[in-house]
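This report refers to the structure that appears directly beneath it.
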Amino acid sequence: MFTSTGNTTAWATAGNNRTARFPDAIKEIPVAEEKRTGYERDSFKHWVDEDGVGCPTRQEVLPTEAVTTPEQSARCTLGSGSWMSYYDEAEVTAAKKLDIDHMVPLAEAWDSGAHNWTPERRETYAVRD
């Protein structure tokens with residue numbers, strides 16, 4: 001995670017907290033050839049009930065992103081609501097028509113090194129990032 005104040009950037013990775021000028025921080029980003037083979041979305045366990053309340057992540061995220069919050073059944077099914085597309089400002093009123101993804105999509109994460117991660121780390125990424 002990167003945070004920036006003025007010309008200084010702070011970042012944290014697996015037990016490594018650092019502060020540096022932004023141009024120096026950019027030079028620290030590893031560069032490697034991407035692996036484009038072997039990706040399967042199922043390699044990332046996702047849409048799990050991480051917090052144990054009975055609903056998978058997707059059904060918890062969609063209401064938080066809604067313009068008009070949908071009703072949610074006891075079985076986590078989402079009813080009518082409305083969502084606004086950030087990209088084309090189109091309104092969507094059916095949750096089943098929505099795809100949600102990560103800031104860095106799972107396929108890109110795989111290509112960029114997640115193929116070397118443990119299944120547990122991939123699940124953590126898929127659920128939280």
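The values are calculated or read from the model by the stated rules, or taken from the named source; none is laboratory data. Since we're looking at a predicted model, the values are computed, not measured. Cβ placement follows ideal geometry from the backbone for every residue including glycine, while neighbour counts extend to all protein chains displayed. For the accessible areas, the whole protein counts, side chains as well, though only heavy atoms, and no ligand, DNA or RNA atoms are used. Shrake-Rupley method; radii C 1.70, N 1.55, O 1.52, S 1.80 Å.
Tabulated data
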item	result
Matching residues in region 53-71 - criterion: being hydroxyl-bearing (Ser, Thr, Tyr) and touching a helix residue (DSSP H, G or I) at 6+ places or on another chain (Cβ under 6 Å)	Thr57, Thr69
Residues of region 50-59 classified as over 15 Å from Ser73 (Cβ atoms) and assigned to a loop (DSSP other than H, G, I, E, B), total	3
Residue satisfying all of: in region 37-49; open to solvent by 80 Å² or more (accessible area, probe 1.4 Å), of a type in the set (D, E, K, R) and part of a loop (DSSP other than H, G, I, E, B); farthest from His115 (Cα to Cα) among these	Lys45
Members of region 48-83 that are among the acidic types (Asp, Glu) and either closer than 17 Å to Glu123 by Cβ or in contact with a Pro (Cβ under 7 Å, 6 or more places away or on another chain) (or both)	Asp49, Glu50, Asp51, Glu60
Test: residue in region 107-119 that is in contact with a helix residue (DSSP H, G or I) (Cβ under 7 Å, 6 or more places away or on another chain) and surrounded by fewer than 14 Cβ atoms within 10 Å (Cβ to Cβ)	no
Failed criterion for Glu120 (all others in (1) touching a strand residue (DSSP E or B) at 6+ places or on another chain (Cβ under 7 Å); (2) among the charged types (D, E, K, R); (3) free of Cβ contacts under 8 Å to residues at least 12 places away in the same chain hold)	(1)
Any hit, region 87-101, residues being open to solvent by 50 Å² or more (accessible area, probe 1.4 Å), touching a helix residue (DSSP H, G or I) at 6+ places or on another chain (Cβ under 7 Å) and not in a loop (DSSP other than H, G, I, E, B)	no
Residues (surrounded by 14 or more Cβ atoms within 10 Å (Cβ to Cβ) and farther than 18 Å from Glu65 by Cα) located in region 120-129	Arg122, Glu123, Thr124, Tyr125
Complete set of residues in region 70-86 that are within 25 Å of Pro105 (Cα to Cα), open to solvent by 50 Å² or more (accessible area, probe 1.4 Å) and part of a loop (DSSP other than H, G, I, E, B)	Thr77, Tyr86
Test for Glu34: is it touching a residue at least 40 places away in the same chain (Cβ under 8 Å), open to solvent by 50 Å² or more (accessible area, probe 1.4 Å), in a helix (DSSP H, G or I) and out of contact with any strand residue (DSSP E or B) (no Cβ under 6 Å at 6 or more places or on another chain)	no
